[in-house]
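What follows is one structure encoded as structure tokens, with my remarks underneath.
Since every read-out is calculated from the coordinates, none of them should be taken as a lab result. These numbers were taken from a predicted model, which means no experiment stands behind them. Every residue, glycine among them, receives a Cβ derived from its backbone with ideal geometry; neighbour counts consider all protein chains shown.
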Amino acid sequence: MKGLLKILYVTFLFLLSGCANYYYQGGQKKVASDQNDRFNKFQLTFDGGKQKMNFYTYGDYVYNRVDKEYIFFKNSEMKQILLYKNPKKYTEQFLFMYSNQPTFATIFGFYYKGMSIEDIKDNYASVSYKQTEDQLLSRYTFEKFQVFDFYKNVDGGIIRFISLNNPDADDLDYKKFEKEIRTVFFEANDFMAK
């Protein structure tokens, strides 16, 4: 009987650790927007709640529930994408949101304590990327996905935003995905402003 309980306990722990997902809903808080007519505003917290930043999206981004009809990645695929260009495990996840428009993007946010842009830039040598003093961005193909990867130095580490396209969408030349990235990351949030 003790042997059976041990096996059940070990199996439970294995399942618990093996069923991690990226549907994080705790680090983003919708707040009153100073751009009400165009974008929703979120306050993102990371580094154990010590750091905050504002993040803007279109109103169709879902942040507080999971509707698998609009989620087009498997957790195992997301894990591979995370490690593809940055083999270090993230310290915490602070963002998960997706658009309910089938051609657009899913956006994730991660914090890596103790890292800098200098630590990861060599990992992007094989793909096109742009770098400023404290930011790096790249768009590349990973298996069936188009991936937009953005890093920014923050106090004590870096934050990383990853956006994935819907590989099954009618967007063969990725123009709709590119437009969404351009609007969310460069118009609404003015990343790479330096």
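Structure notes:
- 15 Å Cα-Cα reach of Lys79 towards aspartates and glutamates, excluding residues that sit fewer than 8 places from it in its own chain: Glu92, Glu143, Asp149
- Normalised Debye scattering of the range 72-194 at q = 0.22 Å⁻¹ gives log10 I(q)/I(0) of -1.48, counting only Cα atoms as equal scatterers and leaving out solvent.
- With the highest mean first, a sort of the peptides 111-118, 153-160, 92-99 on other beta-carbon atoms found within 10 angstrom per residue produces 92-99, 153-160, 111-118.
- Difference of contour (0.36 nm per residue) and Cα-Cα distance, Gln101 to Lys175: 25.2 nm
- Local electrostatic count at Gln28 - Lys and Arg +1, Asp and Glu -1, tallied over other residues with Cβ under 13 Å: +4
- Taking all pairs of distinct alpha-carbon atoms in the range 46-114, Kirkwood radius in angstrom: 13.6
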